[in-house]
Structure formats: C-alpha cells, structure tokens
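Engineer: Pasting a structure below so you can have a look.
The values are calculated or read from the model by the stated rules, or taken from the named source; none is laboratory data. Worth saying up front: this structure is predicted, and the values here are computed from it rather than measured. Heads up, the Cβs are rebuilt from the backbone with ideal geometry, glycines too, and the neighbour counts pull from every protein chain shown. For accessibility, only protein heavy atoms count, side chains too; no ligands or nucleic acids. Shrake-Rupley method; radii C 1.70, N 1.55, O 1.52, S 1.80 Å.
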Amino acid sequence: MARGKIQIKLIENTTNRQVTYSKRRNGLFKKANELTVLCDAKVSIIMISSTGKLHEYISPSTTTKKMYDQYQQALEVDLWNSHYEKMQETLRKLKEVNKKLQLEVRRRFGEGLNGMSFDELCGLEQDMDNAVSLIRERKYKTLSNQIDTARKKKKNAEEINKSLLQDWTNLIKHMREDDPHFGMVDDSRDYEAVIGYSDTAAATRLYALRLQPDHPNLASGGGSEITTYPLLE
C-alpha cells in the first residue's frame, strides 16, 4: 500500500509532537551525515525544540566557528559587528557606574568634597545618617539574637540542673527504702547534708561533709574542720 500523505500543520498532542520531532531530527541528522560522507560536503545543523533543548550536527571535517567564518566570507557580512558595538556600549556604561561608585566611596571617607554644592553635601549627610541608622539597627538585631541565645542556654542549663537534682533525690529515696539505716551515724555529732563530687575525670564519687564544732581549732578561732566521708564508690 502506498504511504498516505499527512497534512502539514501543528501537532496538537504534546506527546505525539515530541515523538515526531525526535524521529525527524534523527532522520535529518542521518541525511546530513550521508551528504558529508558521499559528497565531502560541510554541513552544520542547529535545532531548538519547543521545550528549549538544543540539538546540533556538524561535519567532522569542520567546526561551528569555521562554518560561521565561511558564511561571512561568502555573503561578505559581519555577523559580530553589531554585537561587538553593543558590548562596547555596555562596557562604557559599566565604567561610568564604577567611576561614580568610587567617587561616592571617597566622599564618604571625607575626600573629594571641594567640588560639591551645598545640596550635594546635605544629600551626602543624609545618606551617611541613613547608613549609620541601618548599621545600628543590624547591630541591635545581632545583640538581641545573642541575648536570646544566651537566655535559651541558661534556661536549658537550669532544666538540666533541676533534672539532676530530681534524679539525686530519687536515688537517695530508693537507697533509704532499700536500707533503713542509710545515712545514720553512730555518734551524736552533727552532720550537714552537703553533696560533693570528687575531682576525678568521671566525677562519680559522692561524699558527705561533716562539720566538727568540738575541734580544738574552734576554740582558738581558727575555724572549723571539714571531714569528708565517701558514700558511693
């Protein structure tokens, strides 16, 4: 059967359109390669799909730049002249902006003020005041963030300390429940309930500290002596 002709118009279905583009692109590149091999021709094809993807074919015996150069020579036109002029104009504007910014920076350091009018000096003063206000605002914001962070750390430390004290209280309670004689002494001298930690790396030893009011140092005014008793090893 003869192949039916299709109507040349935009394919409405996006999927079908992309499939047709892919197939015909590959066929076109295949024909370009055949022209290159059979006829020793230099072929360059640049294609951009509806989705913005670039596809390019260039004969192995040449490059894209050489193709553009030969195109310009054949037509006697300069493709880059207008683009170069636009780049030069953009560069000139950027140099002017840079020059004005450098002058503004010098004036903010107190240099180059002789040629300024009264209105320009007033405007410079206003700009400096606005800059100082902005810097001060950022400084206060930074300080406020640091204060909030310090408060959160302090609150966290207080919660940890409260939790440790609660754990210690529960530990003493359980030890007293297990051993009714826990914490009792065999003499009538007073003990002060003080919790101390040893200076070991693990800090796991607990001590009870006893004040001895009948020590000879008290009578001589030398102060009291503290005796430590290890509770837990």
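Engineer: Condition check: under 22 Å from the mean Cα position of the chain (by Cα) and either farther than 15 Å from Glu104 by Cα or of a type in the set (D, E, K, R) (or both). Does Leu143 satisfy that?
Structural biologist: When the stated conditions are applied, Leu143 passes them.
Engineer: Scan the stretch 11-28 and tell me whether some residue there is open to solvent by 90 Å² or more (accessible area, probe 1.4 Å) and within 30 Å of Leu79 (Cβ to Cβ).
Structural biologist: Yes: one or more hits.
Engineer: Please go through (1) farther than 27 Å from Trp80 by Cα; (2) surrounded by 10 or more Cβ atoms within 10 Å (Cβ to Cβ) for Thr62 and return the number of the only condition it doesn't satisfy.
Structural biologist: Of everything listed in (1) farther than 27 Å from Trp80 by Cα; (2) surrounded by 10 or more Cβ atoms within 10 Å (Cβ to Cβ), Thr62 misses just condition (1).
Engineer: Among the residues of the stretch 86-130, write down those that are outside any helix (DSSP H, G or I) and open to solvent by 100 Å² or more (accessible area, probe 1.4 Å).
Structural biologist: Result: Phe109, Asn114.
Engineer: Here is a check on your reading of the model: is Val43 without any contact (Cβ under 8 Å) to a residue 12 or more places away in the chain and among the hydrophobic types (A, V, I, L, M, F, W, C)?
Structural biologist: So Val43 does not fit the description; no.
Engineer: Restricting attention to the stretch 51-58, does a residue exist that is open to solvent by 90 Å² or more (accessible area, probe 1.4 Å) and of a type in the set (Phe, Trp, Tyr)?
Structural biologist: Within the stretch 51-58 (the criterion being open to solvent by 90 Å² or more (accessible area, probe 1.4 Å) and of a type in the set (Phe, Trp, Tyr)), the answer is no, since none of the residues qualifies.
Engineer: I'm trying to understand the selection: among the residues of the stretch 55-85, which are assigned to a loop (DSSP other than H, G, I, E, B) and either among the β-branched types (Val, Ile, Thr) or in contact (Cβ under 8 Å) with a residue 12 or more places away in the chain (or both)?
Structural biologist: Residues satisfying the conditions are Ser59, Pro60, Ser61, Thr62, Thr63, Val77.
Engineer: Something else about it: Please enumerate the residues belonging to the stretch 81-124 that are closer than 30 Å to Asp69 by Cβ and among the acidic types (Asp, Glu).
Structural biologist: Once the filter is applied, which keeps residues that are closer than 30 Å to Asp69 by Cβ and among the acidic types (Asp, Glu), the stretch 81-124 yields Glu85, Glu89.
Engineer: Output the residues belonging to the stretch 7-41 that are in contact with a Leu (Cβ under 8 Å, 6 or more places away or on another chain) and within 19 Å of Lys53 (Cα to Cα).
Structural biologist: Arg17, the sole residue that qualifies.
Engineer: Let me ask something else. Tell me which of these Arg136 doesn't satisfy, since it passes every other one: (1) closer than 24 Å to Gly110 by Cα; (2) open to solvent by less than 100 Å² (accessible area, probe 1.4 Å).
Structural biologist: With respect to (1) closer than 24 Å to Gly110 by Cα; (2) open to solvent by less than 100 Å² (accessible area, probe 1.4 Å), Arg136 is out only on (2).
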